[in-house]
Each structure stands twice: as structure tokens, then as C-alpha cells.
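*Asks:* Sharing a structure with you now.
Rule-based calculations on the coordinates, nothing more; no lab input. Worth saying up front: this structure is predicted, and the values here are computed from it rather than measured. So basically every Cβ, Gly included, is an ideal-geometry build from the backbone, and we count neighbours across all protein chains shown.
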């Protein structure tokens, strides 16, 4: 796999296909391999670049002071990819990857051709609503999840903490369904999951910052998802000027895996609708 050399760390990424570029950003605890099926689908007409985000897959861990880690640091890999391809790209992000994609699109909209976010954990968008009767319980719910991750890291109970994290997003029994030989390796990622939460809650952007983000945006949401991401999707759909929100009935937060065919079809249709016409013409 090709490698991006960033200060103090390396980021590996898959680079497949030819044509208009699409950057694919995975969720916490995953890797760029999450997008192999979508890359297969797009490869005949688009170029896909799927990095392993910091501390995941084959990419290096965050080398600096963990107290300083932010979405801007994570987004450095996306900016390096944009520099490498030297043209605007479509951004697709799931969960934590969706929060990173939103950060990049807000800061560098001229580098983005279209945006797709799937259950983005842009929880900072709930910050101004933390004291409201409607959203206060939602914020407290997700902060409890983040606090549980941090407590498990501090206590060294990584496997138990990672299991609770997986069951929150995947539903009861999701962790039990993971083969035993994979659990230890996954659990070692919990400190990075804690950093992901830190980066999300520390992001300074508010909903007002997205009102002028005039990019064609697809927001995909699971109909049976958790309240925090449901609320984020609702707020984005009510704020972004050029947005289409689609709810996948019966799906939860992990819909790119559980409802892969429908999710990939929706993403592909959005990308094709907003690609340059010559990208879609056969060679």
C-alpha cells in the first residue's frame, strides 16, 4: 500500500481505479478496508483512496501530546491526499470518518466536489443544545459512552471497555459476535477511540458554520440508530443548503456493513450525479 509521510507518523492508504477521485474515511476502530466493496463498485469509472486513519489499520499512532489531538490533526491525512491528487475530490465518511469529512469540507470547500456522510458523529454540533430539554438527554447519553471509554483506558480494562463501545453502536451482542481471536487486537485500539471522542467534542465548529457550505451533500442515517447520531443527521439536514437526507429503515449505526448493498448503491448514485460528465464516459 502507498504511504503518506506526515510529521512523526505514516498513513497507509489504498489507491484503486482511475477517474474522478473519491476519498473514503472509515469509522473508529476500523480501517480503509471497510470500503473494499464500494471501491469494487466504483473502480471502473472512479479512483478511490481509502486511508487507514491515525492509529488504525497499518497507519502509525498519534506521536504527539494526546491532550492536543484534534480533528485538524486527523484531517492532515486527507489534505495530504488532496495535495497528492491535485484536484477536488468527493468525500465519503462514516461515523468518525464523517466527522473528519465535515471538518475538511467546512475548512476547504474548494477542494471538495461532493460530500457524503453516513451517521456522522459530529457531536460538537449538539454542544449549543446541551441545556435544552430536547437534546440535553441525548448529549448526556453520548458523553456517558465517551466517559466509559476513557475510564476503561485509564483502568486498563481495554477488552471490556471496547466491548461496551461496540455494543452501544452495534446493539447488544455485537461484541459477543466478534471472533475471540480478533478481540484482543481490536481492544488495543481503545486509546485511539478515546482520542477520537476528544477530537469530536473539542471541534470548535457549530451549526452556523455549515449554513453556507454549498456542496451537494448526502446524509445517510439508520432508521434504528442511536439518538445522538439521529439528532446530528436531523440538524445537518435542516442546516446545509444543498442536502438530501435518506433514512435506511431497520438499519443501525453500522449500516455500511449491515446494509452494504443499499448504502453502496446510494453513495454511488450520489457520486455519479455530481461527477464531471466525462468521468462517466467509457474509455
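*Asks:* Need one number: the % of Cα-Cα pairs in the chain sitting beyond the 36 Å mark. Working shown, then result.
*Replies:* Working: 3624 of 39903 pairs.
Of all Cα-Cα pairs in the chain, 9 percent lie more than 36 Å apart.
*Asks:* Related question: Please build a GNM for the chain, connecting alpha carbons under 10 Å apart, and tell me which residue among 181, 73, 94 fluctuates the most.
*Replies:* Ranking 181, 73, 94 by mean-square fluctuation puts 181 first.
*Asks:* Using the eigenvalues of the Cα gyration tensor, what equivalent ellipsoid semi-axes result for the stretch 81-213 when each is taken as the square root of five times the eigenvalue, whole Å, largest first? Show your work: numbers first, answer last.
*Replies:* Numbers: eigenvalues 167, 85, 31 Å².
Here the semi-axes work out to 29, 21, 12 Å.
*Asks:* Just the number, please: Stokes-Einstein D of the stretch 52-145 in µm²/s, Kirkwood Rh from C-alpha pairs, 4 °C, 1.567 mPa s. Intermediate results must be reported in sequence, preceding the final value.
*Replies:* Details: Rh = 14.8 Å.
It comes out at roughly 88 µm²/s.
*Asks:* In µm²/s, what is D for the stretch 92-141 at 10 °C and 1.306 mPa s, where D = kT/(6 pi eta Rh) by Stokes-Einstein and Rh is the Kirkwood radius from Cα pairs?
*Replies:* Result for D is 135 µm²/s.
*Asks:* Convex hull over the Cα atoms of the stretch 156-283, averaged projected area in nm²? Please report the intermediate quantities before stating the final value.
*Replies:* Numbers: hull surface 43.0 nm².
Mean shadow area of the hull around the Cα atoms is 10.8 nm².
*Asks:* For the stretch 1-101, what relative contact order do you get, as a whole percent, if you take Cα pairs closer than 8 Å and at least 6 residues apart?
*Replies:* 35 percent
*Asks:* Counting other C-beta atoms within 10 Å, which of 230, 36 has the fewest, and how do the rest follow?
*Replies:* On the way: 230 18, 36 14.
By the 10 Å Cβ count, ascending: 36, 230.
*Asks:* Hey, another quick one. Could you give me the radius of gyration and the Dmax of the stretch 168-234, taking only the C-alpha atoms into account and expressing both in angstrom?
*Replies:* Both quantities, over Cα of the stretch 168-234: 16.2, 47 Å.
*Asks:* Oh, and also: Below 8 Å, C-alpha to C-alpha, sequence gap of six or more: please give me the relative contact order for the chain in percent.
*Replies:* That works out to 18 percent.
*Asks:* Same structure, new question: Hey, fewest Cβ within 10 Å first, where do 1, 254 land in order?
*Replies:* Neighbour counts put them in this order, fewest first: 1, 254.
*Asks:* If I histogram all Cα-Cα distances within the stretch 106-184 using bins 10 Å wide from 0, what percent of pairs lands in each bin?
*Replies:* Distribution as computed: 15, 32, 30, 20, 2 percent.
*Asks:* Give me 139, 149, 117 ranked fewest to most by other Cβ atoms within 10 Å of their Cβ, as a rough exposure proxy.
*Replies:* 139, 149, 117
*Asks:* Let me ask something additional. Just the number, please: Stokes-Einstein D of the stretch 1-122 in µm²/s, Kirkwood Rh from C-alpha pairs, 25 °C, 0.890 mPa s. Don't skip to the end; give the middle numbers.
*Replies:* Values: Rh = 14.1 Å.
It diffuses with D of about 174 µm²/s by this estimate.
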